[in-house]
């Protein structure tokens with residue numbers, strides 16, 4: 001849980017550093033992703049409090065992935081991949097309630113990663129669809145897929 005929160009804090013920092021370096025439609029999309037991460041940060045903090053878990057300390061700065069000046073899109077994609085790994089770890093090693101919350105967020109993480117990387121990431125349970133990856137028929141049938 002701590003790693004997921006730390007990754008959300010880092011994502012906020014990375015988006016703040018890269019947004020001014022993006023333009024056009026990608027900047028609008030990244031701004032929406034930034035807002036999603038701010039909301040996720042608040043949600044994960046609430047879940048941590050509900051589970052009586054300590055919050056990781058926010059750092060004044062975080063390491064930036066890659067070259068945010070020359071390749072801001074790739075830097076965001078690398079940071080999104082790191083955040084997805086933290087969610088995956090929570091799915092694998094978290095308790096039941098936190099596992100479910102992390103699993104529910106993986107679909108959104110895959111969509112953000114696909115948009116920023118320019119291609120869908122290898123994500124079990126999701127298939128390519130117009131407008132980005134979406135749950136497979138098997139995932140929908142299992143009841144775990146988001147609408």
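The values are calculated or read from the model by the stated rules, or taken from the named source; none is laboratory data. Treat the numbers as computed from the prediction; the structure is a model and nothing was measured. Cβ coordinates were reconstructed from backbone atoms using ideal geometry, including for glycine residues, and neighbour counts include every protein chain displayed.
Key figures
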item: Filtered residue count, the range 41-55, keeping only those that are under 22 Å from residue 18 (Cβ atoms) and in contact (Cβ under 8 Å) with a residue 24 or more places away in the chain; result: 2
item: Candidates 29, 74, filtered to the one that is surrounded by 17 or more Cβ atoms within 10 Å (Cβ to Cβ), at pLDDT below 95, more than 25 Å from residue 98 (Cα to Cα) and out of contact with any strand residue (DSSP E or B) (no Cβ under 9 Å at 6 or more places or on another chain); result: 74
item: Residues of the range 86-99 that turn out to be assigned to a helix (DSSP H, G or I), touching a residue at least 24 places away in the same chain (Cβ under 8 Å) and either surrounded by fewer than 16 Cβ atoms within 10 Å (Cβ to Cβ) or touching a strand residue (DSSP E or B) at 6+ places or on another chain (Cβ under 6 Å) (or both), as a count; result: 2
item: Criterion violated by residue 7 - all others in (1) crowded, with 18+ Cβ neighbours inside 10 Å; (2) farther than 19 Å from residue 111 by Cβ satisfied; result: (2)
item: Some residue of the range 31-40 being farther than 22 Å from residue 104 by Cβ, touching a helix residue (DSSP H, G or I) at 6+ places or on another chain (Cβ under 6 Å), assigned to a helix (DSSP H, G or I) and in contact (Cβ under 8 Å) with a residue 40 or more places away in the chain; result: no
